[in-house]
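Please see the structure below; I have some questions.
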Amino acid sequence: MKGLFITFEGTEGSGKTTQISLLAERLRSAGCSVRTMREPGGTLIGEEIRHTLKHSPDNHAMTAEAELLLMNASRAQLVREVIRPAIAAGEIVLCDRFYDSTTAYQGYGRQLDLRMVKSIIDVAVGDTRPDLTLLFLIPQEVSEARRLARQPTLALRFQRDRMEEADRGFFERVEEGYLAIAAAEPQRVRQFDATGEVAVTQAAIWELVQPLLARDKP
């Protein structure tokens, strides 16, 4: 079978991680070779960048432009070191965030020029594009409640998450960005109401993924 690349997107607390785990388990049960990863991160270099972006106590002065470039530096490494070789080997790659996050968070959220954002993304990923993107949407108040609920866990790890420190206006713009992406590419980007039952969402995802598994079979 030809390799497959599926990305998971959404605002904070939308349940992406749960659905990635469930899909990976089902695919492995079906005999598929599956690789899961996250952005930023996924490589030794990428994990160092992730710490700088999200958890470092010294990142308070980071500019939006620096954030954009660091995100895509991590992405460029991940694409070339992991994603492309895995797809070429016939694996199914499930990635928690990819370039749509940059458009939504740095483009819309940080209000950077969208043409500049796209040009930098293009350098980072080249022709490596998802076959399917699953977008999980939840109301802002639900996202805020879930972010607050995570804070004690981060505190126990002596960590903070810089991205989650943004205000509601930022996350409203992020949601606007995701909706614009979905409207522009409805065949690739499929939306889910992430406030629904986990099992219902899981079944809907499988209905989208299963046909892709058979696309290259005789």
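The values are calculated or read from the model by the stated rules, or taken from the named source; none is laboratory data. Predicted model, so just to flag it, every value in this text is computed and none were measured. Heads up, the Cβs are rebuilt from the backbone with ideal geometry, glycines too, and the neighbour counts pull from every protein chain shown. Heavy atoms of the whole protein, side chains included, go into the accessibility calculation; ligands, DNA and RNA do not. Shrake-Rupley method; radii C 1.70, N 1.55, O 1.52, S 1.80 Å.
So which residues in segment 119-144 are part of a loop (DSSP other than H, G, I, E, B) and modelled with pLDDT of 95 or more? Give the steps one after another, and end with the answer.
Narrowing segment 119-144 to residues part of a loop (DSSP other than H, G, I, E, B): 126-131, 138-139.
Of everything in segment 119-144, those that are part of a loop (DSSP other than H, G, I, E, B) and modelled with pLDDT of 95 or more turn out to be G126, D127, T128, R129, P130, D131.
I would also like to ask the following. Evaluate the following for Y99: is it more than 13 Å from the chain's Cα centre (by Cα), crowded, with 19+ Cβ neighbours inside 10 Å and among the aromatic types (F, W, Y)?
On the way: more than 13 Å from the chain's Cα centre (by Cα): no; crowded, with 19+ Cβ neighbours inside 10 Å: yes; among the aromatic types (F, W, Y): yes.
The answer is no for Y99.
Which residues, counting only those in segment 159-189, are farther than 18 Å from E141 by Cα and part of a loop (DSSP other than H, G, I, E, B)?
Q159, R160, D161, E185, P186, Q187, R188
Here's something else I'd like to know. Out of the residues in segment 1-20 meeting the condition of being more than 13 Å from Y99 (Cα to Cα) and β-branched (V, I, T), tell me which one is surrounded by the most Cβ atoms within 10 Å (Cβ to Cβ).
Within segment 1-20, the match that is surrounded by the most Cβ atoms within 10 Å (Cβ to Cβ) is T11.
Report the residue count in segment 25-53 for those that are open to solvent by less than 30 Å² (accessible area, probe 1.4 Å) and in contact with a Cys (Cβ under 9 Å, 6 or more places away or on another chain).
Within segment 25-53, residues that are open to solvent by less than 30 Å² (accessible area, probe 1.4 Å) and in contact with a Cys (Cβ under 9 Å, 6 or more places away or on another chain) number 2.
Next up: Any residue at all in segment 164-182 that is open to solvent by less than 30 Å² (accessible area, probe 1.4 Å), over 20 Å from the mean Cα position of the chain (by Cα) and modelled with pLDDT under 95?
Step one: filter segment 164-182 for residues open to solvent by less than 30 Å² (accessible area, probe 1.4 Å), giving 164, 166, 169-171, 174, 177-178, 181-182.
Imposing the further condition that a residue be over 20 Å from the mean Cα position of the chain (by Cα) reduces the set to 169.
If we keep only those that are modelled with pLDDT under 95 as well, we get 169.
Checking segment 164-182: at least one residue is open to solvent by less than 30 Å² (accessible area, probe 1.4 Å), over 20 Å from the mean Cα position of the chain (by Cα) and modelled with pLDDT under 95.
Can you name the residue in segment 183-201 that is without any contact (Cβ under 8 Å) to a residue 12 or more places away in the chain and of a type in the set (A, V, I, L, M) and, of all such residues, is most open to solvent (accessible area, probe 1.4 Å)?
V200
At pLDDT below 95 and among the polar types (S, T, N, Q): is that true of S56 in this structure? Can you show your working first?
Values: at pLDDT below 95: yes; among the polar types (S, T, N, Q): yes.
Answer is yes for this residue.
Okay, next question. Could you tell me whether segment 105-118 includes any residue that is at pLDDT 95 or above, under 17 Å from the mean Cα position of the chain (by Cα), buried (at least 22 other Cβ atoms within 10 Å of the Cβ) and under 17 Å from F8 (Cβ atoms)?
yes
Then there's this: Out of A24, A61, I need the residue that is farther than 29 Å from D193 by Cα and of a type in the set (G, A, S). Which one?
On the way: A24 fails: farther than 29 Å from D193 by Cα.
The unique qualifying residue is A61.
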